[in-house]
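The values are calculated or read from the model by the stated rules, or taken from the named source; none is laboratory data. For clarity, every value in this text was computed on a predicted model and none was experimentally measured. A quick note on method: Cβ atoms are made from the backbone with ideal geometry, for glycine too, and the neighbour counts reach across all protein chains shown. Calculation scope for accessible area: heavy atoms of the full protein, side chains included, ligands and nucleic acids excluded. Shrake-Rupley method; radii C 1.70, N 1.55, O 1.52, S 1.80 Å.
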Amino acid sequence: MRVEVLGIKIDDYSMQETVIHIQEAVEKKEQTWVVTANPELIFAAGADARLKQLINRAQLVTPDGVGVVWAANRLGHPVPERVTGIDLLESLFPIATEKKWRIFFLGSKPGVAELAARKVAEQYPGVVWQAQHGYFQLEEQPEITEKIREFKPDLLLVGLGAPRQEFWIASHLDLATVSIGVGGSFDALAGLNKRAPQWIRDIHLEWFYRLLKQPQRLRRQMVLPKFAWRVVKQGKDEGKSHTRRSR
Ligand code: UDP
């Protein structure tokens with residue numbers, strides 16, 4: 001089942017279920033696009049019909065963050081938990097090591113994707129990887145896409161920031177079996193941005209921790225109250241049309 005939050009259809013799968021879907025897609029070689037939809041991306045799609053249409057074409061759209069979990073709950077269709085890009089990767093790597101998946105890391109500043117990949121491969125030795133930074137020029141793109149194509153990734157992780165990574169993946173779906181937009185995950189995997197301690201994640205305040213560590217995120221997070229207001233409005237509108245229908 002999918003719950004529609006401001007026009008974006010979010011899957012109501014748990015982390016475990018999402019991982020199973022991805023594993024099956026890799027095993028059956030079914031081309032699959034995974035969007036990790038955070039409130040900023042969902043809000044941006046509200047002002048960009050093309051982005052909205054693209055995201056709704058993805059095979060899996062996960063609730064990335066406590067704001068989306070709250071929204072789904074508020075709209076009367078709860079999702080079990082948040083499924084963020086970094087948590088999803090950390091759940092996929094143990095399978096990748098066992099199955100010897102080929103993973104391409106595309107994105108972040110020069111050296112970072114490579115460092116992230118090295119650290120992952122140290123911890124998960126079976127993983128076969130290649131990496132490419134995300135600050136390439138348009139004219140370098142054909143060479144990069146060829147490099148990815150030749151590598152034949154089971155997983156293509158794209159950390160170019162949202163929504164650029166979504167547009168990029170949408171036009172390069174044929175490069176890999178499963179493509180996932182992972183935002184700033186490589187920075188975290190490389191150890192450049194420390195994740196919040198587990199207890200802060202458990203009380204759903206990771207967003208606040210990131211804000212304290214990276215105050216420049218404030219401008220992005222200003223969108224959160226507007227997101228919340230629109231969700232409340234969507235709930236009211238749906239309530240009204242439901243009452244009208246049941247009269
Ligand atoms: N990035 C990139 N190329 C660009 C712009 C950004 O590779 O042209 C990377 C950036 O280095 C960072 C990621 O995209 O690693 C975006 O991270 P952000 O924290 O904004 O994403 P979030 O995790 O919040 O979605």
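Okay, here's what the table says:
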{"quantity": "In Å², nearest 10: area of TRP70 left accessible to a 1.4 Å probe", "calculated": "100"}
{"quantity": "Distance from region 118-181 to region 1-42 (C-alpha centre basis), Å", "calculated": "18"}
{"quantity": "Rounded to 5, the percent of DSSP beta bridges in the chain classed as antiparallel", "calculated": "15"}
{"quantity": "More than 27 angstrom apart: percent of Cα pairs within the chain", "calculated": "35"}
{"quantity": "The chain, helix-only ellipticity at 222 nm - DSSP H runs n ≥ 4, -39,500 (n - 2.57), divided by all residues, nearest 500", "calculated": "-15500 deg cm²/dmol"}
{"quantity": "Size-normalised alpha-carbon gyration radius of region 186-231, reference 2.2 N^0.38 Å", "calculated": "1.30"}
{"quantity": "With every protein chain in place, the chain: carbon and sulfur % of accessible area (1.4 Å)", "calculated": "53"}
{"quantity": "Three semi-axes of the equivalent ellipsoid, region 128-209, Cα gyration tensor, whole Å, largest first", "calculated": "28, 13, 12"}
{"quantity": "Gyration tensor (alpha-carbon) shape descriptor, region 160-247, a/c threshold 1.5", "calculated": "oblate"}
{"quantity": "Zero-based 10 Å bins, Cα pair distances in region 43-184, whole percents", "calculated": "11, 39, 35, 14, 2"}
{"quantity": "In Å², nearest 10: area of ILE144 left accessible to a 1.4 Å probe", "calculated": "10"}
{"quantity": "Loop chymotrypsin sites (Phe, Trp or Tyr not before Pro), region 106-162, which have at most 16 other Cβ atoms in a 10 Å radius of their Cβ (DSSP)", "calculated": "TYR135, PHE136"}
{"quantity": "Proximal charge balance of TRP129 [Cβ under 13 Å; K/R count +1, D/E count -1]", "calculated": "+3"}
{"quantity": "Reciprocal of mean inverse Cα separation for region 86-156 (Kirkwood radius, Å)", "calculated": "12.5"}
{"quantity": "Low-density loop positions, trypsin sites (Lys or Arg not before Pro), region 60-101 - DSSP coil, at most 15 other Cβ in 10 Å", "calculated": "LYS100"}
{"quantity": "Per residue accessible area in Å² of region 117-221, where ligands, DNA and RNA are left out and the probe is 1.4 Å", "calculated": "55"}
{"quantity": "Reach of LYS213 by Cα under 26 Å, taken over lysines that are not fewer than 8 positions away in the same chain", "calculated": "LYS109, LYS119, LYS194, LYS226"}
